[in-house]
Amino acid sequence: MIKSIMIVGVGGQGTLLASRLIANVLQNKGVDVKVSEVHGMSQRGGSVVTYVKYGEKVTSPVINRGEADIIIAFEQLEAARYVSYLKKGGKMIVSTQKIDPMPVITGNAFYPEEIIEKIKALGIDITAVDALESALQAGSAKASNVVLMGVLSKVMDAPIEAWMKAIEECVPAKFIDLNKKAFDLGKNI
Amino acid sequence: MKKLMLGNEAVARGLYEAGVTVVSSYPGTPSTEITEFVANYDEIKAEWAPNEKVAAEVAFGASFAGARSFFGMKHVGLNVAADPLYTAAYTGVNGGCVLAVADDPGMHSSQNEQDSRHHAIAAKVPMLEPSDSEECLFFTKKAYEISEEFDTPVIIRLSTRVSHSQSLCLLSDRDEISNKPYVKNPAKYVMMPANAKNRHVFVEERTEKLRAYAETSPLNQTIDNNTKIGVITAGAAYTYAAQALGDNVSYLKLGFANPLPVKLIENFAKKYEKIYVIEELDGIIESHCINLGINVTGKALFGYLGELSQEIIADKILGEKLPFDEFSESVPVRPPVMCAGCPHRGVFYALSKNKVRVSGDIGCYTLGASAPLSSVDTTLCMGASVSGLHGMNLADPDGASKTVAVIGDSTFMHSGITGLVNIAYNQTNSTVIVLDNSITGMTGHQQNPSTGINLKGDVTAAVNIEALVKAIGIKRVRVVDPYNLAETEAAIVEELAAPESSVIISRRPCALLQYVKHIPALEIVVCNGCKMCLKLGCPAISNKGGKAEIDRTQCVGCGICSEVCRFGCIKNGGVN
Ligand code: SF4
Ligand code: SF4
């Protein structure tokens, strides 16, 4: 069985760190792991996607429509964009943050209303959290990604110590405490 | 224990383990991290070259002197490095020489979707194609053996999904390889016609030896699942096929992209009722099979565009689709944008406001083509802004006072300088704007010859752009601060009107650089709804029911929005 986790968000929101934390946690489980990242142009505020897959033997590093067991969306519009990648019966975790894309800012498109309700109406198991608020509480808006990892830790089969070790190994020393706090806040939402 | 590594990191590790001592590259997504990871190994002399041609020549020089060497680049970078490569194919190597080229199917961050395998075929050099990080490491080491055994440069072909995916790798120690002795040998290394004619004979013989080698090379793998269908595939496409088709089919996975084996493919094809070729971009394996008289199905099903996926393969071959839900409304696209506080924004705003035609180039500032700035008119390749402007002005001299070229500092170092020499030498009245943000932005902040810092982080000589431009023969050179909109606009208007060529250097470091001190965020006191600030396309400013609002977590206080607001509504902060 291959498990697939997809992280979607806006370039600059720290989705890469999130995928590296998950990968770090999985690395020590004795399973095969693949992580696929996006670099370059879309990092400049575009829609970004990262895939993490693990299991006995992972071949394709990417996730296609109908495949993801879990989607973590860092932003509501991105949740809507990638709903179709969720497996039937899969789970979605979404930060309630909204970031207007340029076509909305320039008035050429509209940001859909009540995205979370509409995703729920599809019969999808979705958990919405105010990750930005918790991140600010932890000390920096930038830590929303780690708040969401705290939320994810509740549905992933990995001990909390593994997450703590991952934070210690992936985050610059001076931000470790802040991020551990952000993780705890996410875990307790 | 195995380590999780990016494909690019695994190539770097392979270089380390293979005892490479000289690496020279130019950054380009998705290849950049190879050389960044290499920089962490003290045993390797690694550098950013000003462009791929220089990088290639450095690596070939190092090889001639006896060392194992490497250069890396993205697909279009190999076009720049093609000149030395095609002749190094004749000279061959002394120390092993390997290059990595990363294709970008789907154009995640590129201006075209070219298939680098054509270069390997045209240059007549072997090309290896790994499909995951572990193979990246193994193939890289193998490439040095092949390079030295067959006296040839060897290409490693990567793609976005191989370069930018992490998978588990087993690490080994470094082989300490000492330089091969240097022996003067003009018949091999001086490519004038008489010598080159002999070397061409060698090249053709080498290709046949390499083909024989490819027939039995462990890099080509057969996986027989006792099925009716056989699939010939390579690289990332293999991983998609393996997920989509599992053991319902048998595989011939070609790690040797050039030269392709003959017997191996013929024998594989004989065993199955139906043969599919699954390859991204062009139909190179497919054409090879057709030439061998083998009946295969490939591009007719999969086409030539973009990336393949397990979804496409399962659908086309098995007719299977996974069920999924879809969001009920249309979801607005989210194209990339210039960062909040990007120093380029002020320049494009001024150009757009004055309806100036813009000959553009490759970098973050290509985003100046997007709405609402919609400023850039053309983007072709690295350096084409400057040379293209000269061409535009030759064709339409009256348009010269309404046309500029924009080029970043790194791109100017790469191949803008020669275009400017041409302008000075052949005398059009051209206006070139160098967007000097003191870094190579788009590829993730690499140093370049104008920044005064090298790949290893040491302080070094910095090209003085003003002095260089003057030395080329451009007399009108001025520097502006793009956070000062009025000054920037005035300079553009004046230089366009001037009777001779000029260069404007718009100087401000990239807003994402760590050393750039961010000034407190701006605030809109009472918005009068003039919507002027929305024309800047700053992602920190949004339109909330007709009134502008600034997202304080994103704003870096560059201040240009307060300069454009008609009513002076945007306050607090300021430029230092
Ligand atoms: S990375 Fe720097 S140069 Fe590129 S868009 Fe952002 S601020 Fe501008
Ligand atoms: S000062 Fe204005 S233009 Fe500059 S980053 Fe902030 S909101 Fe954007």
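Summary of computed values
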read-out: Condition check for B:Leu305: within 30 Å of A:Ala80 (Cα to Cα) and either of a type outside the set (A, V, I, L, M) or at pLDDT 95 or above (or both); value: yes
read-out: Flag for A:Ala121 being on the phi < 0 side of the Ramachandran plot and without any contact (Cβ under 8 Å) to a residue 40 or more places away in the chain; value: yes
read-out: Number of the exception - B:Pro397 against (1) surrounded by fewer than 19 Cβ atoms within 10 Å (Cβ to Cβ); (2) within 13 Å of chain A (Cβ to nearest Cβ); value: (2)
read-out: The one condition in (1) surrounded by fewer than 22 Cβ atoms within 10 Å (Cβ to Cβ); (2) closer than 13 Å to B:Ile417 by Cβ that B:Lys475 fails to fulfil; value: (2)
read-out: Among residues of the range B:543-558, those that are within 10 Å of another protein chain (Cβ to nearest Cβ) and either touching a Pro at 6+ places or on another chain (Cβ under 8 Å) or within 10 Å of ligand 2 (Cβ to nearest atom) (or both), counted; value: 5
read-out: Residue list for the range B:510-539, filter: within 12 Å of ligand 1 (Cβ to nearest atom), closer than 21 Å to A:Lys98 by Cα and of a type in the set (A, V, I, L, M, F, W, C); value: B:Cys538
read-out: Residue in the range B:285-293 that is within 13 Å of chain A (Cβ to nearest Cβ) and more than 16 Å from ligand 2 (Cβ to nearest atom) present; value: no
read-out: Of all residues in the range B:339-369 being surrounded by fewer than 20 Cβ atoms within 10 Å (Cβ to Cβ) and within 16 Å of ligand 2 (Cβ to nearest atom), the one that is farthest from the other protein chains (Cβ to nearest Cβ); value: B:Lys353
read-out: All helices (runs of 4 or more DSSP H) inside the range B:275-371 with 1 or more residues being more than 30 Å from A:Ile99 (Cα to Cα) and more than 16 Å from ligand 1 (Cβ to nearest atom); value: B:284-291, B:299-302, B:310-313
read-out: All positions within the range B:108-161 that are assigned to a loop (DSSP other than H, G, I, E, B), closer than 13 Å to B:Cys97 by Cα and touching a strand residue (DSSP E or B) at 6+ places or on another chain (Cβ under 7 Å); value: B:Val125, B:Pro126, B:Pro153
read-out: Conditions (1) assigned to a loop (DSSP other than H, G, I, E, B); (2) crowded, with 24+ Cβ neighbours inside 10 Å; (3) within 14 Å of chain A (Cβ to nearest Cβ): number failed by B:Val93; value: (3)
read-out: Residue count for the range B:236-265, restricted to those that are under 19 Å from B:Ser133 (Cβ atoms) and within 12 Å of another protein chain (Cβ to nearest Cβ); value: 9
read-out: Residue ID - nearest to B:Arg508 (Cα to Cα), chosen from residues in the range B:525-542 that are more than 9 Å from every other protein chain (Cβ to nearest Cβ) and near ligand 2 (Cβ under 9 Å from one of its atoms); value: B:Leu536
read-out: Condition met for A:Gly55 (more than 9 Å from chain B (Cβ to nearest Cβ) and over 26 Å from A:Leu185 (Cα atoms)); value: yes
read-out: Those residues of the range A:25-50 which are within 8 Å of chain B (Cβ to nearest Cβ) and in contact with a strand residue (DSSP E or B) (Cβ under 9 Å, 6 or more places away or on another chain), in sequence order; value: A:Gln27, A:Asp32, A:Val33, A:Lys34, A:Val35, A:Ser36, A:Glu37, A:Val38, A:Ser42, A:Gly45, A:Gly46, A:Ser47
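The rows are residues; the columns are (1) within 15 Å of ligand 2 (Cβ to nearest atom); (2) within 14 Å of another protein chain (Cβ to nearest Cβ); (3) free of Cβ contacts under 8 Å to residues at least 12 places away in the same chain.
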position: B:Val479; (1), (2), (3): no, no, no
position: B:Ala498; (1), (2), (3): no, no, no
position: B:Leu512; (1), (2), (3): yes, yes, no
position: B:Lys517; (1), (2), (3): yes, no, no
position: B:Glu523; (1), (2), (3): yes, no, no
position: B:Ile560; (1), (2), (3): yes, no, no
position: B:Gly568; (1), (2), (3): yes, no, yes
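The values are calculated or read from the model by the stated rules, or taken from the named source; none is laboratory data. From a predicted model like this one, the values you see are computed outputs, not experimental measurements. All Cβ positions, glycine included, derive from the backbone under ideal geometry; neighbour counts span all protein chains shown.
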